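Inspection log for the structure reproduced underneath, given as structure tokens.
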Amino acid sequence: MKLCRLIILSVAMLFLFGLTAPAYAKITVTVAHTHVETHPQHKAFLVFKNYIENEIGDRFEIQIYPNGLSGSNEQVFSLVKLNSIQFMAISASLLENTSKQYAIFSVPYLFRSEEAYENFIRDPEVIAELQAEEKKRNFRPLSAFTAGTRNFYASFPIRTVDDLKDRNFRVQLGRNNGLMMEAFGANDYVMSFRDVYPALKRGVVDGAENNELALVDQKHGEICKYYSYDGHQMIPDMLIGSEDFLASLSPEDYEVFKAAAMEAQRVEIREWKTRVKKAIKQAEEMGVSFIKVDAEAFRNKVLHLHDSLLTDNPSIRKLYVMTLKYQ
Ligand code: GCU
């Protein structure tokens with residue numbers, strides 16, 4: 001009898017706890033990026049996190065790992081494809097080998113102004129065009145962050161295009177970057193973002209090319225005291241998610257993640273110019289000089305590539321035509 005009562009009690013308690021305890025644990029969503037916490041992308045990811053947690057925080061928790069804590073962009077990209085990390089921001093240039101469409105962004109002098117470029121990456125049709133391919137490739141782009149304009153910088157001043165001749169510059173992965181450097185008469189060294197500082201320090205390369213933030217955030221300005229505004233490329237960092245993760249979401253939850261990505265983009269682009277202005281001041285305090293060059297002369301040196309890049313890679317043609325709307 002006693003045993004019987006005990007069993008009844010245990011079953012009752014199980015039932016009670018079963019009802020009060022949450023039916024499922026929260027899903028932890030990991031976001032990784034290589035930038036410092038003052039970078040507009042980090043702020044954007046905080047917006048991404050807050051947006052999702054405000055809407056569906058009872059079921060999802062977003063954890064952000066900045067500063068390359070989870071590995072290099074290349075390593076994290078592999079983990080996103082495996083769904084070990086769910087989201088990251090990655091340069092479109094690094095996606096070129098996986099999906100040829102992204103090569104559109106490394107076509108030199110594609111846009112005449114940052115405004116034109118920003119409007120292009122905000123265009124929902126552009127993301128839709130990129131998404132069409134990605135579903136087959138284990139990742140899906142949700143939006144694009146600006147990474148400003150890429151310019152050359154080095155330990156020596158670059159005043160004319162001839163100053164690039166036979167010099168060694170670090171560039172990002174991607175065929176177009178190599179062709180562009182060849183057309184400029186310089187040598188390209190492909191390496192990961194986080195290896196650029198040691199490579200500059202040891203003199204493996206004479207310079208690099210990036211936005212102004214790299215001088216300060218990545219300390220490239222400690223070595224490179226000359227930054228020249230030639231404006232050769234505007235390459236966004238894509239906010240991508242793991243395809244497995246995104247496909248596992250209900251349509252309602254997916255809409256929340258999508259809206260969060262759009263909101264993150266809006267904030268990132270808004271923050272960009274303010275942060276760049278500040279970075280220029282900080283770089284000047286580090287002793288960096290900003291040089292105005294005849295950008296048209298640089299442009300003329302590589303403009304012929306547009307035709308050959310479009311012929312060699314037909315997957316960029318549709319997007320190329322779409323850029324014309326924004327010139
Ligand atoms: C930019 C971009 C980074 C990228 C880097 C690079 O700074 O924001 O995501 O990795 O360029 O040149 O590698």
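Every read-out reported here was derived from the displayed coordinates using simple, explicitly stated rules and does not represent laboratory data. Everything quoted here is computed from the prediction, not taken from an experiment. We place every Cβ from the backbone using ideal geometry, glycine too, and count neighbours over all the protein chains shown.
See the values below:
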quantity	calculated
Förster-model FRET efficiency, 45 Å R0, S78 and D294, C-beta, rounded to 0.05	0.60
Extension reserve of the E284-K136 stretch, reckoned as 0.36 nm per residue once the Cα distance is removed	48.7 nm
Potential extension, E182-R202 segment - 0.36 nm per residue separation minus Cα distance	4.9 nm
Antiparallel DSSP beta bridges within the chain, as percent of all bridges there, nearest 5	55 percent
J(HN,Hα) series, segment 314-327, from Karplus relation 6.51 cos²θ - 1.76 cosθ + 1.60, nearest Hz, glycine and proline x	x, 5, 9, 4, 4, 5, 4, 4, 5, 5, 4, 5, 10, 8
Cα-based equivalent ellipsoid, segment 193-273: semi-axes from gyration tensor eigenvalues, Å	36, 16, 10
Where N is the number of residues in segment 146-288, Cα Rg divided by 2.2 N^0.38 Å	1.23
5 angstrom amide H check on N210, placed H, neighbours 5+ away	N151, Y153
Cubic angstrom per residue, convex hull over Cα atoms of segment 187-230	76 Å³
14 Å reach of a label modelled at T160, 7 Å along Cα-to-Cβ, counting backbone N of segment 268-293	293
Extended-chain gain in nm, criterion 0.36 nm per residue less alpha-carbon gap, S248 and K219	6.4 nm
HN-Hα J in Hz across segment 230-236 - Karplus 6.51, -1.76, 1.60, θ = phi - 60°, x for Gly and Pro	8, x, 6, 8, 10, 10, x
Bins of 10 Å from zero: percent of alpha-carbon pairs in segment 38-93	21, 50, 28, 1
Karplus 3J(HN,Hα) series, Hz, for segment 248-258 with 6.51 cos²θ - 1.76 cosθ + 1.60 (x for Gly, Pro)	7, 7, 5, x, 5, 5, 4, 4, 5, 4, 5
Compactness index (Cα Rg / 2.2 N^0.38 Å), the chain	1.18
